[in-house]
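Below is one structure, written out as structure tokens; comments come after it.
The values are calculated or read from the model by the stated rules, or taken from the named source; none is laboratory data. These figures come from a predicted structure and were not determined experimentally. All Cβ positions, glycine included, derive from the backbone under ideal geometry; neighbour counts span all protein chains shown.
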Amino acid sequence: MTDVGMSRRGALGALAAFTAAPAIALPAPVDAANALWAERQKHVVRLLQLSHEYNAAHDKLPAWAMSGPERLDASGNFCGNDVSWPLVEDLTPPSMGERIVRPAIYQAKENFEFAVRVFGSGSTPAFRERCRANMRRSIRAIVVRLRERNHIYAELGLDRIDREMNDACTAMCEVEDAIGELEQSPNVVAAQLLASLGDDCDRTSCASGNGYCGTMAMALVALRGLLPDLSSTIRDHAAFFVGNPTLPLSAMPFAPV
């Protein structure tokens with residue numbers, strides 16, 4: 001998710017500015033902040049639905065089309081960093097060491113340049129041509145796999161779902177920006193704090209208990225103080241967060257995927 005929401009420092013700064021300012025009239029039960037927060041929540045729910053849809057479609061991909069370890073060792077075990085390049089058809093383990101089984105196009109070019117640089121001194125033009133042919137053959141095989149994977153992605157609707165997730169995320173962030181432009185009130189500050197948790201914290205983070213998140217703990221204290229002056233959905237979400245400090249961020253109804 002694109003990190004365009006209010007930062008922790010910005011949200012806490014807004015809280016400090018609000019609490020230091022002269023008392024202002026409380027907002028109406030249905031105010032602009034809650035209206036925007038309700039709109040944001042629609043996008044949060046939509047993102048969750050799309051995430052489930054994406055995962056279900058992704059599980060239907062063949063193994064070769066999924067991301068995975070880059071290499072195969074002599075024992076036939078996958079190893080190395082996970083990469084998104086497709087898996088090759090030949091999975092014969094190397095006699096020793098490791099071999100790349102999810103090759104990238106740039107690696108095929110690097111292999112050609114390495115062979116020419118190391119073994120090319122004094123070699124014949126035929127040697128260079130063989131190296132170049134091997135490079136082209138490797139790149140062609142990768143491109144074929146990529147095209148086949150793109151076709152499967154389109155059939156499963158993964159490209160469409162990804163675009164819709166990006167659109168929903170962008171719309172949610174625009175709503176958060178609109179909340180930040182409102183005149184400061186308890187609801188506005190609370191909404192900014194709740195929204196900022198998605199940017200500053202991990203989905204496994206919690207506000208209390210073993211391994212608690214400091215950012216969520218600070219938000220807990222701030223929201224507990226704001227709670228009596230909150231209303232409508234913002235109050236409900238803040239109350240759930242305050243009342244369940246040991247739950248992870250992923251369990252919060254306002255947390256995006």
Report, by residue number, each residue of segment 248-257 that is within 19 Å of His43 (Cβ to Cβ) and buried (at least 16 other Cβ atoms within 10 Å of the Cβ).
Leu249, Met252, Phe254, Ala255, Pro256, Val257
Those residues of segment 148-193 which are out of contact with any Gly (no Cβ under 9 Å at 6 or more places or on another chain) and polar (S, T, N, Q), in sequence order:
Asn150, Asn166, Thr170, Gln184, Ser185, Asn187
Select from segment 136-187 the residues that are surrounded by 14 or more Cβ atoms within 10 Å (Cβ to Cβ), more than 26 Å from the chain's Cα centre (by Cα) and farther than 18 Å from Ser84 by Cα and list them in ascending order.
Leu182, Gln184, Ser185, Pro186, Asn187
What are the residues in segment 100-135 that are loosely packed, with under 12 Cβ neighbours inside 10 Å and more than 20 Å from Val83 (Cβ to Cβ), if any?
Arg117, Val118, Ser121, Gly122, Thr124, Pro125, Ala126, Glu129, Ala133
Based on what the data block shows, is Ser205 surrounded by 15 or more Cβ atoms within 10 Å (Cβ to Cβ) and within 20 Å of Trp37 (Cα to Cα)?
no
Mind checking which residues of segment 208-247 are loosely packed, with under 14 Cβ neighbours inside 10 Å, on the phi < 0 side of the Ramachandran plot and in a loop (DSSP other than H, G, I, E, B)?
Ser208, Asn210, Thr246
Only residues that are surrounded by fewer than 16 Cβ atoms within 10 Å (Cβ to Cβ) and among the hydrophobic types (A, V, I, L, M, F, W, C): list them for segment 65-82, please.
Met66, Ala74, Cys79
Test for Val242: is it under 16 Å from Gln41 (Cα atoms) and modelled with pLDDT of 95 or more
no
